[in-house]
1. Any chance you could check the Cα centroid distance between the stretch B:1-24 and the stretch B:59-85 for me, in angstrom?
2. Could you list, in their original order, any pairs among A:11/A:52; A:52/A:197; A:128/A:154; B:90/B:356; A:141/B:236 whose Cα atoms are separated by more than 24 Å?
3. Of the options A:226, A:207, A:15, report the single residue whose Cα projects farthest towards the positive end of the charge dipole of chain A (beta-carbon charges: Lys, Arg +1; Asp, Glu -1).
4. Heavy atoms only, 1.4 Å probe, whole protein assembly: order B:341, B:288 by accessible area, highest first.
5. Please compute the net charge surrounding residue B:355, taking Lys and Arg as +1 and Asp and Glu as -1 over other residues with Cβ under 9 Å from its Cβ.
6. Under 1.5 on a/c is rounded, so check that first for the stretch A:141-184, then, if it is not, pick prolate when a/b is larger than b/c and oblate when it is not; a ≥ b ≥ c are the square roots of the alpha carbon gyration tensor eigenvalues.
7. Using only the alpha carbons of the stretch A:175-228, determine the length spanned along each of the three principal axes and report them from longest to shortest in whole angstroms.
8. Taking K and R as +1 and D and E as -1, what net charge do the other residues with C-beta under 14 Å from the C-beta of residue B:320 add up to?
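The values are calculated or read from the model by the stated rules, or taken from the named source; none is laboratory data. Predicted, not measured: the structure shown is a model, and the values here were computed from it. Positions of Cβ are generated from backbone atoms using ideal geometry, with glycine treated the same way; all protein chains shown enter the neighbour counts. What goes into the accessible areas is simple: the full protein's heavy atoms, side chains included, and nothing from ligands, DNA or RNA. Shrake-Rupley method; radii C 1.70, N 1.55, O 1.52, S 1.80 Å.
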Amino acid sequence: MGILEVRNVNKSFGGLKALHEVNLDVQEGMIHAIIGPNGAGKSTLLNCFVGKLEPDTGTVTFNGRSLLGIRPHEINQAGVSRVFQTPEIFRDLTVLENVMIPCFAKRDGSFELNALRRIHNETDIREKAEQMLVDVTMAEKHDMQAESLSRGDKRRLEMAMCLAQDPQLLLLDEPTAGMARADTNATIDLLGEIQDKRKITMAIIEHDMHVVFSLAERISVLAQGTVIVEDTPDKIKGNAKVQEAYLGGTH
Amino acid sequence: MYGLNRKDTVLLLIVAILVAAAPLLLNPFPDTSAMGKTFNAGYPDLMQRFVIFGIFAIGFNILFGLTGYLSFGHAAFLGVGSYAGMWMLKLLSINVIPAILFSIAVAGAVSLIIGWISLRRSGIYFSILTLAFAQMAFSLAASVLTPITGGETGLQTSLNDPRIMPGFLGGGTVNSAGNIPAPSLLGMEMSESFILNVGPWAFTFNWGYYICATFMLLAFYIAIRIFRSPFGLMLKAIKSNQQRLNYTGLNTRPYMLTCFVISGMYAGLAGGLMAAMDPQVGAERMQWTASGEVVLMTILGGAGTLIGPVLGAGLIKYFENIFSKINKATLEAWFGVFPDWMTDLLVTLVYPFIGKGWHLTLGLIFMLVVIFLPGGLVEGGQRIARLFRRGKTGAGALKPAE
């Protein structure tokens, strides 16, 4: 039994079977990596968790509640946050404002007409947002426009935005893609630290094996739309099926 | 001050001073001079229009500037506000306050319905939906709803209106002279003016203008508060990345709808003031060209900025009046100093841009602004300020070398 349970999920795009009978359990408090070659269906699977795609058949449940057929904002309210492959941030706003928005958002998503309150006076929210930026080592950049950040910083900012919501499950889609080695290592440290401090469950899609084996406590290998193995990192390393999936043949 | 930071307070004060001094500032030339006859804009009718369209544009900017949703049907709310205000002036009282309040309320209710439907779509589809609704409102007002709107003749105060309120509250069918009473507040009619003569200059301080100006400052103040509120931040976030907002657990619809209604109420206020200043309304007030005009004003001044829409509204209304007033004779008088053939040539060249051709001038200005100053006049102002500042620091840097 996991916090996130995926059962017999199928998804086709026209004639292409992107996901075939996928089963997955993400245990509470763990970092669970989903790896696989390009086109294995990793991002499609993640899209099925956040309401971006609807599986053809199968179930996705989070804390016993089905995530299918409900809208993205309701999924987030249930406790699932996502960091995207290309950072989804508010580019025209400052870094601090970016983080303040999730801080303002009520956990239950309720609408509040706070048109006559002043951002300037919201010291609690501001402090919380500043603290999130300290956590992702971006405190000194809080006045910069999000647009002008480096790619690595944009992703760190997006993580801060997700963490500001105290999610139960954090989905990360290639959090280190396109990052320099130093940035990648910083991200590994950051995620490890978050895991230690807050015990947030994470599901990570990643190509970089260095990242995967540094962080993951559990790994699922996806190939051609189906989970071929799920095991601990040590066992995955020596698994013949995994070698085959990645290298296209047995040795 | 009053919940504004220092910079916003200064901005509000500057606007307040300019608006209060407008009758002086807009009449820079002696009344009888040729320049004065053409370029002076300090007469009540035009000044009222400056601030009324300023309110309209401020409200439009709350929607378009903050959320990026381009409504092409805002004139519908302006028209609805005008009709609602007129009915108050006819049925209840000639006092302008109940008329204006009712205008705001009715425009708010109508924008709630139109917004509720239109906001199911975004981008160009939203624009088209609002345009369709506005054209529908225009057609209804001109035909089916004739009992309410007066159809093509429009609606005006008449000698048969009940005006049920007691006399001291502005009721009464006729005034003491037996004529149709004119809209008033505190016992003074909207058209009442105090004229100050200074040498050849004549400055007109109009009661109606100052009432409109007060409403505009109030509207401007509320707009600043909205821009600086968490609600305003959410609206900016909608413009920036609506998807991320959804993945942050927020349903954007209530925010959009509230914003749309607030914007509609601003338009209603503008419409109500129009009815109060000049108690007659026709359906043409709702036509799509009127909706387009407020888009032009906002973009020309600078969408998403606080002061931009007011500047844009002022500029367009100024050009509309001044340029359309210039005629062939005026041009001939101006260019009369040149030899005849040159006068003829200049007049022929300039003539298409004046009088009825003022839209051509407006179009050219609009194109220049959009191409060279995408941030509108406000961006132009900022660039000049930056240039000025750089010049100053440059001079300062030279000093030690002396």
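1. Cα centroid of the stretch B:1-24 versus Cα centroid of the stretch B:59-85: 24 Å apart.
2. A:52/A:197; B:90/B:356
3. The one lying farthest along the dipole's positive direction is A:15.
4. Descending accessible area places them as B:341, B:288.
5. On the way: positive: B:325, B:328, B:356; negative: none.
That sum, taken over residues with Cβ under 9 Å, equals +3.
6. Verdict is oblate for the stretch A:141-184.
7. 32, 27, 13
8. Counting the neighbours of residue B:320, the net charge comes to +2.
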